[in-house]
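See structure below.
What follows draws every value from the coordinates through simple rules; no lab data is involved. It should be emphasised that the depicted structure is a prediction, and the values quoted were computed from it without experimental measurement. Glycine also receives a Cβ, built like all others from the backbone with ideal geometry; neighbour counts cover every protein chain displayed.
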Amino acid sequence: MSEELEKAKAAKHEHPAAKVMGWLVTAACLLWLGWMARALVPQKPAGGPPPMAAMMGGAGGPPLVEVRPVEEMEINPPNAYIGRVEPIQDVELRAQVGGYVKLVHFKEGALVKAGDLLFTIDPEQYDARVAVRKAEIGQAEAALDRARRYLNRLERSDARAITQADLDTARSDVAQGQAAVKQAVANLALAEFDLKHTRIIAPIDGRVGRTVANVGDYVSPSLGPLVRIVQVDPIRIAFSVTDKDYLKAIEHFGTERVQDALRIRYRLPTGTVSDGVGARDFEDNTMSADTATLSVRARFSNKHGLLVPDGYVTVLVDLANAPKSTVVPQEALLTDQAGRFVYVVDDAGVAQRRAVDTGAMADGRMAVRSGVKPGERVVVQGVQKVMPGQPVTLAPVKEAARK
């Protein structure tokens, strides 16, 4: 009991500064607890309605949508086919005469022109044969001249001094001499022909491949091809067109106008699309019974050598002069049981449903044959909240959408 009295007396005599410090600590704790409680309780945003309400244009208000204008542009998606590059001409050169290769005048893989000298076979023996044949002609002409002079003497002589047998023999000798001259001339032509073929000439422009004959090798007609030349410019691409695509083009443009109406290009395996346009070069006269396709070949300029024979490319066929079409962004299109449709926003800000008849698509835009007109605005974002005949709120047009 005495201890409790002592504590009470001590409390009464406590220093005033200690009391003030206690009150300050207590007040600070209460402020901290209040700040934490305020942070945990959700606060109403100061700048407007919450995000969901903003998307709805406010509680119960028109939905917020993004629109794009209907445009006119060229929609020309190509049909793609697998094509194989092939030379228009190629030739395998063979030796026409036997002999040793004296000179090779080209580098393997090089481009050559028609008339370029490629191989020289040692011509020595063939020069000698030409000389022999020329000498044989001289002998035959001399024998013919002698026979003619003898016949002339007989014909000028008194008929009683010669026999008919002598005259017939002389005339026969002249005829044989004429034949001998002709034979000698023909032999000379053959010898010159062989001599000519000791020089192997390129018959076409193109690129030469690997040769099997080098200087010092013996070549002959039985050896086989010495080298192959393939034409590389111009060049053509062979591809197969489905019967549906081919007949559709013929029905629409006619056989005579197809060449001018269609544009044929190619895409390399690297993704590069040709700047030049090919020309129809050949079409097969029958459809393949197995694949229902028609073999077609198109001719292309190949100045840069990008088309390599036996390589594969993608052939692109589209319209040469495609008309402009009314187009809408692909994201504006909706589909239900009635077909495809879009929402068009009029000047009053009211969304209207429009059924559309669509065509080809390219670059995220769809051609529309009917249903909308250029300049009208179609909804591309927020379409799930649009109700036909109800007003909408237009979102600001994004900078990217304007371009």
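Most exposed first by the Cβ proxy, i.e. fewest other Cβ within 10 Å, how do Leu167, Leu195 rank? If you can, show how the numbers build up before the last one.
Details: Leu167 15, Leu195 18.
Result, fewest neighbours first: Leu167, Leu195.
Averaging the Cα positions of each part gives two centres, and for segment 239-298 and segment 149-198 these lie 66 Å apart. Scalar couplings 3J(HN,Hα) for segment 358-373, obtained by applying the Karplus form with A = 6.51, B = -1.76, C = 1.60 to θ = phi - 60°, are 9, x, 6, 10, 7, 6, x, 10, 10, 6, 10, 7, 7, x, 9, 10 Hz; x denotes Gly and Pro. Between the amide H of Ser325 and those of Met73, Glu74, Ile75, distances stay under 5 Å, these residues lying 5 or more places away or on another chain, with hydrogens modeled in the peptide plane. Remark: relative contact order (segment 124-196) = 55 percent; criterion is Cα-Cα distance under 8 angstrom and separation of 6 or more residues. Basic side chains Lys and Arg get +1 at the Cβ, acidic Asp and Glu get -1 at the Cβ, and with that the dipole of segment 73-213 about its Cα centre reaches some 360 debye. Here the Karplus relation 6.51 cos²θ - 1.76 cosθ + 1.60, evaluated at θ = phi - 60°, turns the backbone of segment 246-252 into coupling constants of 5, 5, 4, 5, 5, 5, 7 Hz, with x for every Gly and Pro.
By counting other Cβ atoms within 10 Å of each Cβ, how are Ser222, Ser370, Ser240 ranked from fewest to most?
Numbers: Ser222 8, Ser370 11, Ser240 19.
Taking fewest neighbouring Cβ atoms as first place, the list is Ser222, Ser370, Ser240.
In sequence order, segment 344-357 has phi-based couplings of 9, 9, 7, 5, 7, x, 9, 8, 10, 7, 10, 6, 10, 9 Hz under the Karplus curve 6.51 cos²θ - 1.76 cosθ + 1.60, θ = phi - 60°, and Gly or Pro positions carry x. For Lys324, the aspartates and glutamates whose Cα comes closer than 19 Å to its Cα, not counting residues fewer than 8 places off in the same chain, are Glu71, Glu72, Glu74, Asp260, Asp357, Asp363, Glu376. Cβ-to-Cβ counts within 10 Å put Asp318, Asp346 in ascending order as Asp346, Asp318, the fewest first.
Put simply, the amide H of Asn302, placed in the peptide plane, has neighbours under 5 Å in Ile235, leaving out anything fewer than 5 places away on its chain.
Other residues lying with their Cβ under 12 Å from the Cβ of Val317 contribute a combined charge of +3, Lys and Arg counting +1, Asp and Glu -1. Within the shell of other residues whose beta carbon sits under 9 angstrom from the beta carbon of Phe282, the net charge comes to +1, with Lys and Arg scored +1 and Asp and Glu -1.
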